[in-house]
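Comments concern the structure below.
Bear in mind these aren't lab numbers, they're just calculated from the coordinates by the rules spelled out. Since we're looking at a predicted model, the values are computed, not measured.
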Amino acid sequence: LRKSDEQVKAIAILQELLGRFTDGQYAHEARLTLAASYADLRAYTRSVTAHRTALDGLTTAMDAVDHLRAAIKNPQWDPLKGEVGSALNDAAFSRALEHYRWLVRFEHGLRHTLEHFPSEITAAPLRSITLGGRLQSLDSTQLVAKGQELLVKFAAVKAESRGVLAALALDALAREQQRLEDWAIQAGLGIARNLVAERDELGSEALTLE
């Protein structure tokens, strides 16, 4: 709409969208576009205000990225708890998180089975158990021991999977940080340009960047 010289309509639409989706996925871009639309109308003071609002939102978003990064680097980080999983919109991270969630469910199921293994079965021998495609003779005590060994292996797999998740999350946050910084620079330049344009139009030296 702006390119069609319909800045007034663009401003009305953007204001409505920002009112409904203040923290939406495209809110930062919408605020910058709104500020640019004001500048196109030579409403420099409103453009400066809109750019500053955009910059405030970007600063808050960058603080949130720092918070998420610190949470991920915590050795006690649990990928299934906290806000990291819901905050990141990254396909590779989402796929890895689903794999990790499956591992956790399987581990919990196995642990529950071993913890509630009937004592009368544990005391009785079980024969001709098929394990790994081979016919073996195991009693139930050995079967429980095998399950506990599997739990140890699962712990190692979970740790490796958690490391992969952390790397993917940090990469996604680095990309988001770069985007936010680029937009923040754009907002800062917008403020400066509009202050200069307003000063030149009014012929005043009184305007400052403060």
Taking the Cα atoms of segment 71-111, what is the range of coordinates along each of the three principal axes, in descending order and whole Å?
30, 23, 13
Give me D for segment 1-109 in µm² s⁻¹, whole number, from Stokes-Einstein with Rh from the Kirkwood sum over alpha-carbon pairs, 20 °C and 1.002 mPa s.
128 µm²/s
Could you give the semi-axes, largest first, of the ellipsoid that matches segment 38-95, computed as the square roots of 5 times the alpha carbon gyration tensor eigenvalues and rounded to whole Å?
36, 13, 7
